[in-house]
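One structure below.
The values are calculated or read from the model by the stated rules, or taken from the named source; none is laboratory data. Source: prediction; values computed, not measured. As a convention, Cβ positions derive from the backbone with ideal geometry for all residues, glycine included, and neighbour counts pool all protein chains shown. Accessible surface areas use protein heavy atoms only, side chains included; no ligands, DNA or RNA. Shrake-Rupley method; radii C 1.70, N 1.55, O 1.52, S 1.80 Å.
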Amino acid sequence: METRKPLLFEMYPALEKKVPWVPILTKIPTDIERLSNLESYIDLTGGEIYIKRDDKDHHVYGGNKLRKFEFIFGRALQKKRKGMITIGGIGSNHCLACAIISKELNLKCDLFLFPQPLTWHVQRSLLLYDYFNAKLHFNKKFIGLALKAIVFKIFNPKYYAMLPGGSILFGLGSPIGTLGFINAAIELKQQIDNGIIKEPDVIFVAGGSCGTAAGLITGCKILKLKTKVYVVAVSMDWVVNSSAIAKNANKALRYLRKGDKSVPDIRITEEDFKLVRGYLGSDYGVKTKKGQATVDKVMELEGKKGFKLDTTYTGKTLAAMLDFLNNNDNKNKIVLFWNTYNSNDLTKYLNETKFDYNRLPKKFHRFYQEKYFQCWQITNCPDHIRYDCPAYLNHEYRFWKIVDCKLEPIKSQKAMNLLSNAIKLEDC
């Protein structure tokens, strides 16, 4: 693989010797594709919809986290750390990305996990954490978990502590992960200059820990783009709020200017972006009717392009984008949806786990005993059918969406009835 330095270093050369970085992304620049079927579905008049395919920015696991990790893991390696500590939900994409990249870079990984609504995605994630050699810790309360992580760090000083999502929290921590998306904004500007996409009027992006959004907002302002970033809140208000986004962005700007005085002396205010609320549901990770319906419709219309969506982040963000575009005043807008989810197929790794949750610490076993999300668990599907079935351990637990069941109809209908009601969908 050819090593390429960040565009940020090309734009501001003095940063190269002052900002730690390690090459992780293997498929960049990420593609930009037009979603023509979706345009027709919502009857745009002069507007255009595009997707930024960060879901494929790495050969094993794509998504937004890895852009941040090039700088965060770079700092950890610069400090000669031997392992990584981070915090997230039991189904956290951030934690899975941390486990995968830690293993790739020969670092240990300890994940401190808090509860979130139980889904098939959660069960898959826990198995994959273990597959990629992460050690798991659990606490029901975030504060208790944070204290547990702090104590662990004290007794393991050779570990690097990464805050949830790789972003600052309450103004604390390093903004270095945010640089990954300032760099991404420069990548986008090059694609605009090369005629791949017209300059977007709006970018829609999920706001989970604010770092991704803060980087894009900062990058757009540095580059003097007219584009406005719409940040869709998909986490709790105390994490995702306008103040937190602005603080993250400005802390990143101060960090950059400390390394290179030619970085513009600007400030991000709440006028530079729009925070969109009303799509989260009652809590982080809750599946909503609108989010699930949006995922299903977009996959029906555009799924052949090979990207995947989820109901925690991207589905809710797309739901907000479609509501925006259904407003007649916005039907002529050029809109870019920034896909922060992973679209690489992880089924082969799950197959190697053999769905053996007994490998996990005992306190996690209940997440497999409380509820079933796999049809074969309900039907007692024979091994010779199960292991050859595309639905087996697939990211989509609704097997009828992807395969015609080979079992007798009474069994498949029973599984369909149970799984249709396995997760309660909330109103936003």
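Below, the figures for the structure above:
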read-out	value
Residues within region 198-227 that are assigned to a loop (DSSP other than H, G, I, E, B) and not hydrophobic (A, V, I, L, M, F, W, C), tallied	9
Failed criterion for Gly74 (all others in (1) touching a Pro at 6+ places or on another chain (Cβ under 8 Å); (2) under 30 Å from Val286 (Cα atoms); (3) open to solvent by less than 10 Å² (accessible area, probe 1.4 Å) hold)	(2)
Listing of helices (runs of 4 or more DSSP H) fully contained in region 323-394 that carry 3 or more residues being farther than 30 Å from Ala185 by Cβ, hydroxyl-bearing (Ser, Thr, Tyr) and under 24 Å from the mean Cα position of the chain (by Cα)	347-353
Neighbours by Cβ (under 9 Å, 6+ apart or cross-chain): first from region 187-211, free of Cβ contacts under 8 Å to residues at least 40 places away in the same chain; second in a strand (DSSP E or B) and open to solvent by 40 Å² or more (accessible area, probe 1.4 Å)	none
Residues (in contact (Cβ under 8 Å) with a residue 40 or more places away in the chain and open to solvent by 30 Å² or more (accessible area, probe 1.4 Å)) located in region 143-157	Phe152, Lys153, Asn156
Residues satisfying the stated conditions in region 1-16, i.e. open to solvent by 10 Å² or more (accessible area, probe 1.4 Å) and at pLDDT 95 or above	Leu7, Glu10, Met11, Tyr12, Pro13, Ala14, Glu16
Meets criteria (farther than 19 Å from Arg67 by Cβ, of a type in the set (Gly, Ala, Ser) and either assigned to a loop (DSSP other than H, G, I, E, B) or open to solvent by less than 10 Å² (accessible area, probe 1.4 Å) (or both)) for Ser243	no
Subset tally (residues that are open to solvent by 30 Å² or more (accessible area, probe 1.4 Å) and touching a residue at least 40 places away in the same chain (Cβ under 8 Å)) for region 307-323	2
Residue in region 327-335 that is β-branched (Val, Ile, Thr) and at pLDDT 95 or above present	yes
